[in-house]
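Participant: I have a structure I would like to understand better, so I am pasting it below and will then ask my questions one at a time.
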Amino acid sequence: MEFLFKILFVGEAGVGKTALIRRYVDNVFSYKYRYTIGVDFALKVVDLDEKTTVRLQLWDIAGQERFGVMTRVYYKESAACVIAFDITERRTFEAAKKWKADLDSKVHLPNGDPVPCILVANKCDLEPRPVPREEIDQFVRDNGFVDWFETSAKDAINVDKAMKFLIYKVLNSNPGISVEDDEAFRLDDEGSLAGASSSGSSSKKKCC
């Protein structure tokens, strides 16, 4: 059985969204990723077991896009979301609430529920950490995240773990969406989600 899930990566510019995706997809890291403008894409195939394959479309949404009019288009048909912040910059943590509100106002699962969303505290290899873990725990509960993870794209800490958790959350934790009987996210005959939109992107230099 095969599924295609579109997963969004959102958050403020410079928090490491592109680095997280590159680590997850290609197991590489660079200090010289470029700022995403608009949206970029990556693909990954995950074999969960002998019978279940998940094809992931990972949408890397530019940090400036929350202020634009295109997010509704970018969010369309999403199955889940990763909202990332820089663990060393409190302002990026505070912005995560606005990203979550923007997400919840523009996209839902086919059954009407919010899309599963994890909060990722990236750059956990760095100091200082101005946001206590207890505050993040409360923030996650208050804002409807399914969980949160400390990650480091640089050191490959918890990136795979966070994504595996999110995949299983989509498959098993939402009404009507399970490995056994899901219809909402099955591949169509052309190997894609019906109605899924596509868009191009460009970028400019920025170290992460």
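Participant: Tally up the residues in the stretch 103-150 that are charged (D, E, K, R) and either touching a helix residue (DSSP H, G or I) at 6+ places or on another chain (Cβ under 8 Å) or part of a loop (DSSP other than H, G, I, E, B) (or both), please. Even if it seems obvious, please write down each step before you answer.
Facilitator: As a first pass, look at the stretch 103-150 and keep what is charged (D, E, K, R): 104, 106, 113, 123, 125, 127, 129, 133-135, 137, 141-142, 147, 150.
In the following step, the residues that additionally are either touching a helix residue (DSSP H, G or I) at 6+ places or on another chain (Cβ under 8 Å) or part of a loop (DSSP other than H, G, I, E, B) (or both) were identified as 106, 113, 123, 125, 127, 129, 147.
Result for the stretch 103-150: 7.
Participant: Of the residues that sit in the stretch 87-99 and are touching a residue at least 12 places away in the same chain (Cβ under 8 Å) and out of contact with any strand residue (DSSP E or B) (no Cβ under 6 Å at 6 or more places or on another chain), which one is surrounded by the fewest Cβ atoms within 10 Å (Cβ to Cβ)?
Facilitator: Here is the first cut: in the stretch 87-99, the residues touching a residue at least 12 places away in the same chain (Cβ under 8 Å) are 87-93, 95-99.
Now drop any that are not out of contact with any strand residue (DSSP E or B) (no Cβ under 6 Å at 6 or more places or on another chain), which leaves 88-91, 95, 97-98.
Details: THR88: 19, GLU89: 18, ARG90: 15, ARG91: 10, ALA95: 20, LYS97: 14, LYS98: 13.
In this case the residue turns out to be ARG91.
Participant: For a quick check of your reading of the model, give me the residue pairs whose first member lies in the stretch 22-39 and is more than 16 Å from ASP155 (Cα to Cα), whose second is outside any loop (DSSP other than H, G, I, E, B) and at pLDDT 80 or above, with beta-carbon atoms closer than 7 Å and at least 6 apart or on different chains.
Facilitator: THR36/THR18; THR36/ASP60; VAL39/TRP59; VAL39/ASP60; VAL39/ILE61; VAL39/TYR74
Participant: Working carefully through the options ASP142, ASP181, ASP160, find the one that is under 24 Å from THR52 (Cβ atoms), exposed (fewer than 15 other Cβ atoms within 10 Å of the Cβ) and modelled with pLDDT of 90 or more. I'd like the intermediate steps shown before the answer.
Facilitator: Values: ASP142 fails: under 24 Å from THR52 (Cβ atoms); ASP181 fails: modelled with pLDDT of 90 or more.
Sole residue among the options that is under 24 Å from THR52 (Cβ atoms), exposed (fewer than 15 other Cβ atoms within 10 Å of the Cβ) and modelled with pLDDT of 90 or more: ASP160.
Participant: Could you please tell me which pairs satisfy a Cβ distance under 6 Å, a separation of 6+ or placement on different chains, a first residue in the stretch 128-152 that is under 16 Å from LYS169 (Cα atoms), and a second residue that is part of a helix (DSSP H, G or I) and of a type outside the set (Asp, Glu)?
Facilitator: VAL146/LYS169; TRP148/ILE136; TRP148/VAL140; PHE149/ALA162
Participant: Please verify whether GLY63 is farther than 16 Å from VAL15 by Cα, assigned to a loop (DSSP other than H, G, I, E, B), of a type in the set (Gly, Ala, Ser) and at pLDDT below 95, treating the condition exactly as stated.
Facilitator: Values: farther than 16 Å from VAL15 by Cα: no; assigned to a loop (DSSP other than H, G, I, E, B): yes; of a type in the set (Gly, Ala, Ser): yes; at pLDDT below 95: yes.
No.
Participant: Being aliphatic (A, V, I, L, M) and at pLDDT 95 or above: is that true of LEU119 here? Spell out how you get there, then give the answer.
Facilitator: Working: aliphatic (A, V, I, L, M): yes; at pLDDT 95 or above: yes.
Answer is yes for this residue.
Participant: Just to be sure, is ASP102 farther than 20 Å from ALA156 by Cβ, at pLDDT below 95, surrounded by fewer than 17 Cβ atoms within 10 Å (Cβ to Cβ) and of a type in the set (Asp, Glu)? Give the steps one after another, and end with the answer.
Facilitator: Details: farther than 20 Å from ALA156 by Cβ: yes; at pLDDT below 95: yes; surrounded by fewer than 17 Cβ atoms within 10 Å (Cβ to Cβ): no; of a type in the set (Asp, Glu): yes.
For ASP102, the condition - farther than 20 Å from ALA156 by Cβ, at pLDDT below 95, surrounded by fewer than 17 Cβ atoms within 10 Å (Cβ to Cβ) and of a type in the set (Asp, Glu) - is not met.
The values are calculated or read from the model by the stated rules, or taken from the named source; none is laboratory data. Quick caveat: nothing in here was measured; it's all calculated off a predicted structure. Cβ coordinates were reconstructed from backbone atoms using ideal geometry, including for glycine residues, and neighbour counts include every protein chain displayed.
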